[in-house]
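Everything below concerns the one structure shown next.
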Amino acid sequence: MHLNNGIYFTLPHERMWINEQYESEFNKLLFESYSQLYQLADSLDVILSIENTCNFHIPFISRALEMLRKFENFSLTWDVGHDAKVHFKEETVFREYTDRIKHMHLHDCDDKSDHQPLYSGYVPIKDRLHFAENYGLSVVIEVKTSTSLRESVEQIKKNYK
């Protein structure tokens, strides 16, 4: 699942998110929606996991995560390439939720884009794999082509441990 920032408008000196401007309403609707989703997920034995989409460092999104943390079945997916895309601003948020991270999307990121083959950009792949191993996370290599996937698997075999 993703937490959508919503739309924004640009003022002369800042970007204003509509969901932040009306944060109490945003949180109320978010809480109601997730209450229903978590209840349904439990009844179906499904794990819902909220993935960072380059937004966990935005203050109103961080506060929304803290609110959702109250749900017993709240969990997170750490997309490490998205984190890199925002210069690792989301890592500190994830370090606060280590017990709630259940899954990882693993891909590299360079100055042009994310979803790049592993070990081709600036994501600390080895560190992230150690984190996943230490916390028992499932991991998906999230690249765009079968060639990139094969290349990434070979790089893990060559560079990890």
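The values are calculated or read from the model by the stated rules, or taken from the named source; none is laboratory data. Remember, predicted model here, so these are calculated numbers, not experimental data. With ligands, DNA and RNA removed, areas are computed over all heavy atoms of the protein, side chains included. Shrake-Rupley method; radii C 1.70, N 1.55, O 1.52, S 1.80 Å.
Observations on the model:
- Long-range Cα-Cα pairs in the chain (distance over 24 Å), rounded percent: 41 percent
- Evaluated over segment 84-161, the Cα radius of gyration and Dmax, each in Å: 12.3, 35
- Estimated at 0.36 nm per residue, the fully extended path between Thr10 and Asp42 surpasses their Cα-Cα distance by 7.5 nm.
- The residues of the chain present an accessible area of 57 Å² per residue when probed at 1.4 Å with all protein chains retained.
- Amide H contacts under 5 Å for Val139, placed H, 5+ residues apart: Met104
- The count of lysine pairs in the chain whose Cα atoms are under 19 Å apart, excluding pairs fewer than 8 places apart on the same chain, comes to 12.
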